[in-house]
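Novice: Got a structure for you, questions after.
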Amino acid sequence: MRILICGGAGFIGSHFTRIRLREHGDRVTVLDKLTYAGREENLRDLAGDPAFNFIHAAIEDAEAVHAAIESAGAEAIVNFAAETHVDRSISSSQDFVATNIVGTSVLLDAALAHKLRYVQVSTDEVYGSIEQGTFTEDSPLAPSSPYSASKAAADLLVQSYACTHGLSASIARGSNNYGPYQYPEKLIPLMVLNAMHGQRLPVYGDGLQVRNWIHVTDFARAIACVLMEGAPGEVYNAGGPDECPNIQVVRRIIELTGAGEDLIEHVRDRPGHDRRYSLSSGRVKELGWEPQVRFAEGIAETVGWYRDNEWWWQPIRSGEYLDYYERQYGSALR
Ligand code: NAD
Ligand code: DAU
């Protein structure tokens, strides 16, 4: 298949790109704006592959998107491109609206004009928080943060194009991903790198918020299933096999890195913090998907990857990230 992967230089998109090239023999064009979170280093091992091409552009740039579709000879678009960090969306929502909503509408128009298959990569956060039980695809949308509200808006647009225009568009909603190449503003890589450096570990509130962890390769394979087998207009949840409160995740990282428990610092809670996420994945399992990686094994492998790949994280920890870190945590950790 010839695929245009938008946001393919980010965390999940880079894994999906690698899997499609290596395991499916696809021809892949990645279109990415290379924001602070997007890095060509994430695709370093694919550079030079004749089946791989990279275009530096934004999804909200309609001309660039049309040109990319034509040069790729694309049969499908898979859209990972987004502003993705909840804390940044609380500081300012404008980039979230521009990329996650306006950008998605540009891609949908382009997919329609070129009669392409379309997959939108979305999140369990569109359902909001659930104290008990688990969300299905029929659960109502109740986003809490500007990030999740922008993702929910995009999902509604996707469904409207399937319904109104007959676009062959499906949505894959994942739970919390973890694994190699995740930008260290997110819980797991932040805690791993801080623990490795003997820096304090900022746990929001009581740390008893629960996340439903999915290894990034499992989510990438669920998205591949949705691309190939998903029905137009349908949503497919892909939740990981394990749930865990944040404080236990942090304690496990402390064990794996050999750091001390005294590094834990309970800081001010995130405003509007969702208490628990949980996704049921029955519909995508009917397409033949099963998660392969349990959290116990995946977290150990992930800590090992960060330990062994300083070339990847060292430039981040000395750049824009430092300013962000100071804005987000400065006074709390001083
Ligand atoms: P990420 O922040 O690591 O990467 C996002 C990528 O999108 C980056 O490469 C960035 O440069 C690119 N991008 C941002 N704005 C763009 C624009 N306007 N035009 C083109 N490219 C742009 O994100 P991620 O964690 O890999 O998430 C990918 C997708 O999966 C997102 O849509 C996110 O909402 C969704 N998702 C993430 C998780 C998770 O736990 N990380 C879980 C479920 C769903
Ligand atoms: O659930 C899927 C979502 O998972 C994705 O849609 C988002 O793009 C992704 O960022 C992620 O959102 P979360 O807000 O759940 O992830 P984050 O890594 O920011 O936080 C995970 C939990 O850890 C959350 O309860 C907040 C807490 N946390 C996070 C950070 C960064 C802390 O306690 N301390 C921290 O420093």
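Novice: Once the cut-off is 16 Å, how many percent of the Cα-Cα pairs in region 217-287 end up in the long-distance tail? Please report the intermediate quantities before stating the final value.
Specialist: Numbers: 1607 of 2485 pairs.
So the pairs more than 16 Å apart make up 65 percent of the total in region 217-287.
Novice: Another question about this same structure. For region 1-147, what is the convex hull volume of its Cα atoms per residue in Å³?
Specialist: 126 Å³
Novice: While we're on this one: Could you give the spread of the C-alpha atoms of region 178-229 along their three principal axes, from largest to smallest, in whole angstroms?
Specialist: 45, 23, 12
Novice: Another question, if that's okay. Short version: what are the Cα gyration tensor semi-axes of region 124-252, square root of 5 times each eigenvalue, largest first, in whole Å? List each step's numbers first, then the result.
Specialist: On the way: eigenvalues 187, 52, 35 Å².
Over the Cα atoms of region 124-252, the semi-axes work out to 31, 16, 13 Å.
Novice: Distance check, please: which entries in LYS115/LYS285; LYS151/LYS186; LYS33/LYS151 exceed 25 angstrom between their Cα atoms? Mind showing how you got there, number by number?
Specialist: Working: LYS115/LYS285 28 Å; LYS151/LYS186 18 Å; LYS33/LYS151 18 Å.
Checking Cα-Cα distances, LYS115/LYS285 exceed 25 Å.
Novice: Right, here's the next one. Non-local amide H neighbours of ALA57 (under 5 Å, H modeled in plane, Pro and chain starts lacking H): which ones?
Specialist: ASP32, LYS33
Novice: On full extension of the chain, what length is gained from ARG275 through ARG327, given 0.36 nm per residue of separation minus the C-alpha to C-alpha distance?
Specialist: Result: 16.3 nm gained on full extension.
Novice: Given labels modelled 7 Å from the Cα in the Cβ direction, how far is it in nm from MET228 to LEU156?
Specialist: 3.4 nm
Novice: In sequence order, what are the phi-derived ³J(HN,Hα) couplings for region 110-122 according to the Karplus relation 6.51 cos²θ - 1.76 cosθ + 1.60 with θ = phi - 60°, rounded to whole Hz, with x for glycine and proline?
Specialist: Computed from phi, the couplings for region 110-122 are 5, 4, 5, 4, 9, 6, 9, 6, 9, 10, 9, 8, 10 Hz.
Novice: Label points 7 Å out from Cα along the Cβ direction at ARG294 and SER318: separation in nm?
Specialist: 4.1 nm
Novice: Moving on. Across region 152-163, in residue order, what do the Karplus-derived ³J(HN,Hα) couplings come to in whole Hz, using 6.51 cos²θ - 1.76 cosθ + 1.60 with θ = phi - 60° and x for Gly and Pro?
Specialist: 5, 4, 4, 4, 5, 4, 4, 5, 5, 5, 5, 6
Novice: Now for a separate question. Output the antiparallel fraction of DSSP beta bridges having both residues in the chain, as a percent to the nearest 5.
Specialist: Around 10 percent antiparallel, to the nearest 5.
Novice: For the chain, what is the charge dipole size about the Cα centre, in debye to the nearest 20, if Lys and Arg each add +1 at the Cβ and Asp and Glu each add -1 at the Cβ?
Specialist: 120 debye
Novice: Right, something else. Taking region 277-334 as the region of interest, what is the percent of Cα-Cα pairs per 5 angstrom bin, listed from the shortest bin to the one with the maximum distance?
Specialist: Taking every Cα pair in region 277-334, the percentages come to 4, 13, 11, 12, 14, 16, 13, 10, 6, 1, 0.
Novice: If you plug each phi of region 165-173 into the Karplus form 6.51 cos²θ - 1.76 cosθ + 1.60 with θ = phi - 60°, what whole-Hz ³J(HN,Hα) values come out, in order, with x for Gly and Pro?
Specialist: Each residue of region 165-173 in turn: 9, x, 5, 7, 10, 10, 10, 10, 10 Hz.
Novice: How many Å² of accessible area per residue for the chain, probe 1.4 Å?
Specialist: I get 40 Å² per residue for the chain.
Novice: Now a separate question. Go ahead and set up a Gaussian network model of the chain, Cα springs under 10 Å, then flag whichever of ARG173, ARG39, ARG200 fluctuates most.
Specialist: Per the Cα network of the chain with a 10 Å cutoff, ARG200 tops the list.
Novice: Right, another one. When only the heavy atoms of the protein chains count and the probe is 1.4 Å, how do MET191, MET196, MET228 rank by accessible area, highest first?
Specialist: MET228, MET196, MET191
Novice: From a point 7 Å beyond the Cα of HIS197 in the direction of its Cβ, which residues of region 291-334 have a backbone N at a distance under 12 Å?
Specialist: Under 12 Å, as judged by backbone N against the label point of HIS197, lie 313-326 of region 291-334.
Novice: For the chain, report the convex hull volume of the alpha-carbon atoms normalised per residue, in Å³, without decimals.
Specialist: Spelled out: Cα convex hull of the chain, divided by residues, is 121 Å³.
Novice: Oh, and also: Give me, ordered by chain and number, the residues 5 or more places off GLU265 or on other chains with an amide H under 5 Å from its own placed amide H.
Specialist: Correct list: LEU201, VAL203.
Novice: Which translational diffusion coefficient, to the nearest whole µm²/s, is obtained for region 154-198 from the Stokes-Einstein equation, given a Kirkwood hydrodynamic radius over C-alpha pairs, 37 °C and 0.692 mPa s? Let's see the in-between values first.
Specialist: On the way: Rh = 13.4 Å.
Calculated translational D: 245 µm²/s.
Novice: Starting from region 263-334, pick out the GluC sites (Glu not before Pro) whose DSSP state is loop and whose Cβ has at most 16 other Cβ atoms within 10 Å.
Specialist: Details: sites: GLU265, GLU286, GLU297, GLU301, GLU310, GLU320, GLU326; in loops: GLU286.
Qualifying residues, ordered by number: GLU286.
Novice: Now, a different point. Just want the answer: with Cβ charges of +1 for Lys and Arg and -1 for Asp and Glu, which residue in HIS114, HIS266, LEU31 is farthest toward the dipole's positive end in the chain?
Specialist: Ranked along the dipole, the leading option is HIS266.
Novice: Oh, and also: Dividing the convex hull volume of the alpha carbon atoms of region 191-334 by its residue count, what do you get in Å³ per residue?
Specialist: Details: hull volume 20.9 nm³, N = 144.
Enclosed volume per residue, from the Cα hull, is 145 Å³.
Novice: Distance in nm between label sites at ARG2 and HIS114, each 7 Å beyond Cα in the beta-carbon direction?
Specialist: 0.9 nm
Novice: Zone of ARG334 (label point 7 Å along Cα→Cβ, backbone N under 19 Å): which residues in region 184-217?
Specialist: 199-203
The values are calculated or read from the model by the stated rules, or taken from the named source; none is laboratory data. The shown structure was predicted, so the numbers you read here are calculated from the model rather than taken from an experiment. For neighbour counting, all protein chains shown are included, and Cβ atoms are generated from backbone atoms with ideal geometry for every residue, glycine included. Side chains included, ligands, DNA and RNA excluded: accessible areas come from the protein's heavy atoms. Shrake-Rupley method; radii C 1.70, N 1.55, O 1.52, S 1.80 Å.
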